[in-house]
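What follows is calculated from the coordinates using simple rules that are stated; it is not laboratory data. Note that the coordinates shown come from a computational prediction; the quantities given were computed from them, not determined experimentally. Glycine gets a Cβ as well: all are built from the backbone with ideal geometry, and neighbour counts include every protein chain shown.
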Amino acid sequence: MLQTKSVTINKFKDLIFRIISLKPFRFLITIFAKKKFKNLKTNSIKPLNLNIKNDLIIIYRVCPFNNGKSPVFTNDKYKLFCFCLDSLLKSFTKTKPYFIFILDSCPQSYPNYIKKYHDLEYQILPVKNAGNLSTWLLQLDIASKLNPDKLIYFAEDDYYYRENAGEKLKEGIKKYDFFSLHNRIDDRKVKKAGFYQTDYTCLTFGAKAKIIQNKIEILQKYATFDYTIWLEVKETNFKLYTYIPTLATHLVKGKLSKGVIWDQVWQKDLQKYL
């Protein structure tokens, strides 16, 4: 019953987003985003060293606050963070990505967990009470200053990744304008494994730095209204791709990537945290 209610609420929210994403209403979102962007004082934030040698850079934003929507660790954000980060790191078998962690109001246990990965190359950017939109704008701000040839992956802290997802991620970013591991296409309609074009995704996706820099105005001006962002990206003839069978999912009830029985896939990994 609760699962059905959650799905219904999510569908209603999607409908509202689609309505305000229509061209006559988009200016309202733009006004909201501009106001938030002005309040983001990037000059007061710890400076980063952006002279990074690795070709793939993951800008990973984390907050310790729980929204109660995850199908696993619903009331334990720290365990959810560990579970998701571990799955992402495990999904890289050849590539060695570089991480920039944006930790928003996180207690010391979060950076301590990151530090346990002794071979991981990373920087930590701590911020206080920034919120979802501000950390998204921070991701964009960092990407705008990186070498245009770098491969960028914007990541949120509540995504679970299957084996080899990391390698497919790198391949997808190299091949296409934008690439998402989170899949909204119904796998049952696809007969062959491979890359497929899709219409929209969330704000966890990858692209070359030069493409992000080229489209940064669109990515900034619609705040975190992802559906609107991807509508306009598509209107500019840039394409978004995903991979099937799906290799990752956003851990939100009613919005899991399609085509996979996820509780069977992550069952073995879950045991480590129980």
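Of the peptides 259-270, 70-81, 131-142, how do they stack up when ordered by the mean number of other Cβ atoms within 10 Å, highest first?
Highest-to-lowest ranking by the protection proxy: 131-142, 70-81, 259-270.
Any of Lys79/Lys189; Lys128/Lys272; Lys69/Lys189; Lys77/Lys175; Lys46/Lys221 with alpha carbons more than 32 Å apart? Name them for me.
Violating the 32 Å limit, Cα to Cα: Lys79/Lys189; Lys77/Lys175.
Between Glu167 and Lys90, 0.36 nm times their residue separation minus their Cα-Cα distance comes to what?
Using 0.36 nm per residue and subtracting the Cα-Cα distance, I get 26.7 nm.
Take Asn129 and Asn66, extend 7 Å from each Cα along the Cα→Cβ direction, and tell me the distance between the two endpoints in nm.
2.3
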